[in-house]
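Some notes on the structure that comes next.
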Amino acid sequence: MLTSETSEDVQNCQGNSPEEGEIPSGKIVDFFAAREAMRSDSRSAAEQAEFHQQIRAAVRDKRRIHLFDPWEDVMLLLLLVAAIVLGLLIISGFG
């Protein structure tokens, strides 16, 4: 985890005598672990962005395919014709 130091923290750290030689554990930053964590975060963000882009492309393709479906149009036309024929039969008394 990265830490940021304020000017007061820097002054306190610089004010320590060289004989102490100890660095407070709160001031130690593991740069290798932080770098790997940042790379991991950026990779996961890139993977999520790519995944969302693939989903959008699939939805676009699906809309394009189902917009003009000839089989569905033929079935609806046959249903309409059957309803008209049935209505004419009922009106004429043959039903």
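Data for the structure
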quantity	calculated
Any hit, region 23-30, residues being at pLDDT below 80, surrounded by 10 or more Cβ atoms within 10 Å (Cβ to Cβ) and in a helix (DSSP H, G or I)	yes
Considering residues of region 61-72 that are surrounded by 10 or more Cβ atoms within 10 Å (Cβ to Cβ) and assigned to a helix (DSSP H, G or I) only, the residue modelled with the lowest pLDDT	Lys62
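The values are calculated or read from the model by the stated rules, or taken from the named source; none is laboratory data. This one's a predicted model, so the numbers in the text were calculated from it and none came from an experiment. A quick note on method: Cβ atoms are made from the backbone with ideal geometry, for glycine too, and the neighbour counts reach across all protein chains shown.
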